[in-house]
Each structure stands twice: as structure tokens, then as C-alpha cells.
Amino acid sequence: MNSTLSTRLFEINDAGPLTELLHAAYAELGAMGLNFTAVDQNVETTLVRAQAGRCWIVEDEDCLLGTLTMSLPPLPDLRALTSEARFPQRAWLNQVAVSPAARGRGIAAHLWAEGKKWAHARGATSVGVDTAVPASHLIRLYNSWGFSQTDTIHHEGKVYDSAVMVRQLSSADA
Ligand SMILES: CC(C)(COP(=O)(O)OP(=O)(O)OC[C@H]1O[C@@H](n2cnc3c(N)ncnc32)[C@H](O)[C@@H]1OP(=O)(O)O)[C@@H](O)C(=O)NCCC(=O)NCCS
């Protein structure tokens with residue numbers, strides 16, 4: 001990741017700009033017909049989701065370029081949907097997004113490194129993530145990060161099923 005970029009934790013005042021970033025980033029998924037929450041979520045939802053875990057922001061001066069949230073333990077709605085989210089000491093990866101203009105510069109990889117380091121330091125032994133089955137490019141991305149699919153779930157109101165993917169953490173992630 002470019003050294004002029006900085007990484008910090010989410011603050012309440014970020015909720016508006018972060019919502020705009022999420023809409024811009026998830027527009028391509030919306031265009032695929034996939035109604036991910038972040039395609040059109042409101043500021044209140046952004047605030048709730050960012051505060052439901054540890055949320056990082058990457059920015060260039062005052063411009064938000066990327067975000068990732070890690071929950072430990074996973075949120076109750078997920079815990080109700082899959083035993084994978086009820087597994088002891090499991091963290092969950094949520095709301096990953098990079099501005100379309102800033103793609104391919106390693107911002108998501110940097111945020112993922114921050115997230116897994118944080119989860120490992122807090123005693124997590126594995127991380128889960130779920131994403132739309134038709135978004136095969138995202139399944140490939142999470143495969144490249146070491147995740148393997150272990151379950152399939154359906155979030156109420158979504159037009160797609162979601163693949164549940166899991167990755168072990170080790171001392172190499174510290
Ligand atoms: C997915 C996303 C966060 C990647 O952000 P990014 O900063 O461009 O990713 P990086 O530059 O850190 O790339 C990380 C790795 O993933 C790979 N990668 C990135 N986007 C990819 C894609 N769409 N498909 C497959 N691989 C991809 C890169 O080649 C890179 O691999 P490497 O580490 O082996 O070189 C970004 O494309 C995005 O915001 N997409 C829309 C929102 C979204 O899909 N969020 C996830 C919902 S579950």
C-alpha cells in the first residue's frame with residue numbers, strides 16, 4: 001500500500017463519508033443484481049455496522065478510500081444462521097470496501113492484515129466471512145486469502161445465497 005495513505009479506526013463523524021464510499025464500492029455488485037446491504041444502506045445502518053466490531057479506515061488526506069470491519073464474536077444474526085458463526089473464538093470479516101478509483105493498490109490486503117492481527121491478538125483462532133455465491137470473483141479473492149467454503153446460508157431479503165468461508169489464524173498472522 002502507498003506510504004502516503006494512513007490507517008486509523010472509525011469515528012462517528014465518518015458515518016456519512018463511509019456510507020458514500022460503501023455505495024460507490026458496492027455499486028458493481030448492485031449492477032450484478034446482488035442486493036448487498038451496502039449497495040444502498042443509510043447512514044444509521046453504516047454507524048450500527050461499523051460500531052458492531054472493530055472498523056478500520058484507510059484515507060488519503062481527508063478522503064476515505066477503504067474500510068474493513070472485524071467482529072469478535074460474530075453478530076447475532078449470523079450466529080442464528082450458521083454453526084460456523086457460533087464456533088468458539090471465531091472472528092468475522094464484514095463490510096470490506098475500497099473506492100473504485102483506488103483498487104489494485106493493496107488497500108484491501110493491508111486492511112485484512114490489520115484485521116487478522118487484531119483478531120489474533122484478542123484470542124481468535126479463526127476468521128469467517130460470508131459473501132454472495134454468484135460473486136465468484138469475491139470467492140476467488142477470499143480463497144486467495146486462505147479461506148475455504150464450509151457452509152451456505154440465506155440472509156432474509158437477499159436475492160442470493162451466501163457462501164460461508166473460514167480461515168484458521170496462526171502465529172504468522174500476529
Ligand atoms: C474486493 C475489494 C475490497 C478489493 O480491494 P483492493 O484494494 O482493490 O484489493 P487489493 O489491491 O488489496 O488486492 C488484494 C488481492 O486480491 C486480489 N483481488 C482484488 N480484487 C479482486 C477481484 N475483484 N477478484 C479477484 N481478486 C481480486 C488482488 O489481485 C490481490 O491479490 P494479491 O495479494 O495476490 O496481489 C474491492 O474490489 C471492492 O471494494 N469491491 C467492491 C466491494 C466488495 O466486493 N466487497 C466485498 C463484499 S463480501
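The values are calculated or read from the model by the stated rules, or taken from the named source; none is laboratory data. What you see is a predicted model, and the numbers here were worked out from it, not measured in a lab. No Cβ is skipped: glycine too gets one built from the backbone with ideal geometry, and neighbour counts run over all protein chains shown. Only protein heavy atoms, including side chains, enter the accessible area calculation; ligands, DNA and RNA are left aside. Shrake-Rupley method; radii C 1.70, N 1.55, O 1.52, S 1.80 Å.
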| request: Tell me, please, whether a residue that is closer than 18 Å to Thr69 by Cα, of a type in the set (Gly, Ala, Ser) and part of a loop (DSSP other than H, G, I, E, B) can be found in region 131-144. | output: no
| query | Out of curiosity, is Ser171 away from the ligand (no atom under 15 Å from the Cβ), over 13 Å from the mean Cα position of the chain (by Cα) and either without any contact (Cβ under 8 Å) to a residue 40 or more places away in the chain or open to solvent by 40 Å² or more (accessible area, probe 1.4 Å) (or both)? | reply | yes
| query | Say we look at region 88-121 and pick out the residues that are closer than 21 Å to Val164 by Cβ and basic (Lys, Arg); which of these is farthest from the chain's Cα centre (by Cα)? | reply | Arg90
| query | Could you say whether any residue in region 63-77 is without any contact (Cβ under 8 Å) to a residue 40 or more places away in the chain, in a helix (DSSP H, G or I), more than 8 Å from the ligand (Cβ to nearest atom) and surrounded by 16 or more Cβ atoms within 10 Å (Cβ to Cβ)? | reply | no
| query | Which residue pairs have Cβ atoms closer than 6 Å, lie 6 or more positions apart in sequence or on different chains, and pair a first residue in region 116-140 that is under 23 Å from Ala38 (Cα atoms) with a second residue that is open to solvent by 10 Å² or more (accessible area, probe 1.4 Å) and in a helix (DSSP H, G or I)? | reply | Lys116/Asp173; Gly128/Glu84; Val129/Tyr142; Thr131/Leu138
| message | Can you find a residue that is open to solvent by 20 Å² or more (accessible area, probe 1.4 Å) and touching a strand residue (DSSP E or B) at 6+ places or on another chain (Cβ under 7 Å) anywhere in region 39-49? | response | yes
